[in-house]
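Beneath this line is the structure, given in structure tokens, with notes to follow.
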Amino acid sequence: MPTTPPRWLNDEERRAWLAYVDFSTLLADYLNRQLRRDAGMTHADYSLLAYLSMTPDGTLGMSDLAQRLKITRSRLTHAVNRLRDVGLVDRREDPADGRGQLAVLTDEGRAMLEEVAPGHVEAVRRAVFDVLTPEQVRRFAEIGEAISGALHRAESTESDPAVLPWRRR
């Protein structure tokens, strides 16, 4: 049975891939350090609060929130419980689905986001958008959307949806 040879990256593809690996690692660390220093929270916790704040009532189902954050439900449960302990999030039964749970942004959580968001946006702007031209920002968005779309299409063809972290318990 003949095997197909690997499709190795060419020089420009390797350059792009290594640049992505480098900047994504550095950016994640930079944003985590900024949020820990300024707000005592991780970027993951900030993202959780931000997703809740984007809904009209500050509420999302736990499964939906896990999918948006791309984390396991177990990890989300720990994060929500930790944020509940400090008063930033509440957790309730879903009245529309007696088995489901809702994560709810509290007034304290919304106030924390309003306090922290300007510094976080400034960090994002400084690290990403201030170094790009408007044309590069447009292309960056197009590239991110193209890659995300391909990954979403690939995930929809998974024979076992439990391999996706947000579908695992």
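Quick note: the coordinates plus some simple rules give every number you see, no bench work behind them. All values reported here derive from a predicted model rather than from experimental measurement. Glycine gets a Cβ as well: all are built from the backbone with ideal geometry, and neighbour counts include every protein chain shown.
For (1) of a type outside the set (Asp, Glu); (2) part of a loop (DSSP other than H, G, I, E, B); (3) over 17 Å from residue 36 (Cβ atoms), each residue gets a yes or a no:
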{"site": "90", "(1), (2), (3)": "no, no, yes"}
{"site": "104", "(1), (2), (3)": "yes, no, yes"}
{"site": "112", "(1), (2), (3)": "yes, no, no"}
{"site": "115", "(1), (2), (3)": "no, no, no"}
{"site": "118", "(1), (2), (3)": "yes, no, no"}
{"site": "123", "(1), (2), (3)": "yes, no, no"}
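Checking the structure you have, find out if any residue of the range 112-128 is surrounded by 13 or more Cβ atoms within 10 Å (Cβ to Cβ), farther than 20 Å from residue 53 by Cα and not basic (Lys, Arg).
For the range 112-128, residues surrounded by 13 or more Cβ atoms within 10 Å (Cβ to Cβ), farther than 20 Å from residue 53 by Cα and not basic (Lys, Arg): present.
Within the range 51-75, count every residue that is assigned to a helix (DSSP H, G or I) and among the charged types (D, E, K, R).
Going through the range 51-75 one residue at a time, the tally reaches 4.
Would you please name the residue that is surrounded by the fewest Cβ atoms within 10 Å (Cβ to Cβ), looking only at residues in the range 37-50 that are free of Cβ contacts under 8 Å to residues at least 40 places away in the same chain and either touching an Asp or Glu at 6+ places or on another chain (Cβ under 9 Å) or assigned to a loop (DSSP other than H, G, I, E, B) (or both)?
40
Filter the range 64-88 down to residues that are of a type in the set (Gly, Ala, Ser) and surrounded by fewer than 15 Cβ atoms within 10 Å (Cβ to Cβ) and give me whichever is farthest from residue 39 (Cα to Cα).
74
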